[in-house]
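Chemist: Here you go, one structure.
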Amino acid sequence: MDIELADLLKSLRSEISRARIDAGGQDVRFRINSIDLEVNVAVEKSAEGSAGVRFWVVSLGGKAGAKSAQTHVVKLSLTAESDTGDPILTGDDVSNLFVAD
């Protein structure tokens, strides 16, 4: 199954938020200094004028040929921080993480 790179990053943000909530009240917390991802992506340029270039994360053994795209390995090094630029700790105050369904 292929997913868009933006959806992968959205899910990663959600998982980090969940880790913060789950660690609330725990004796041990972790500071997230760096998140290193290495993903296989298919780069596809759409013939449609408004679509532009899209990046699809492909699973190992995925078939990029179905999309007529080239596959590349992309390494991302991310630093987790709050919307104010503060570092993230799992178990931080999560009162600002209200998620509306």
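The values are calculated or read from the model by the stated rules, or taken from the named source; none is laboratory data. Computed from a predicted model, the values in this text were never measured in an experiment. Quick reminder, even Gly has a Cβ in these numbers, built from the backbone with ideal geometry, and neighbours come from all protein chains shown. Just the protein is used for accessible areas: all its heavy atoms, side chains included, with ligands, DNA and RNA removed. Shrake-Rupley method; radii C 1.70, N 1.55, O 1.52, S 1.80 Å.
Chemist: Out of the residues in the stretch 34-50 meeting the condition of being modelled with pLDDT of 85 or more and polar (S, T, N, Q), tell me which one is least open to solvent (accessible area, probe 1.4 Å).
Modeler: Ranking the qualifying residues of the stretch 34-50, first place goes to 40.
Chemist: I need the full set of residues from the stretch 1-30 which are part of a loop (DSSP other than H, G, I, E, B), of a type outside the set (Gly, Ala, Ser) and over 26 Å from residue 74 (Cβ atoms), in order please.
Modeler: Our first condition is that a residue be part of a loop (DSSP other than H, G, I, E, B); within the stretch 1-30, this holds for 1-2, 23-30.
Still in the running and of a type outside the set (Gly, Ala, Ser): 1-2, 26-30.
Those that are part of a loop (DSSP other than H, G, I, E, B), of a type outside the set (Gly, Ala, Ser) and over 26 Å from residue 74 (Cβ atoms): 26, 27, 28, 29.
Chemist: Restricting the search to the stretch 73-86, which residues are open to solvent by less than 100 Å² (accessible area, probe 1.4 Å), at pLDDT 85 or above, touching a strand residue (DSSP E or B) at 6+ places or on another chain (Cβ under 7 Å) and not hydrophobic (A, V, I, L, M, F, W, C)?
Modeler: 77
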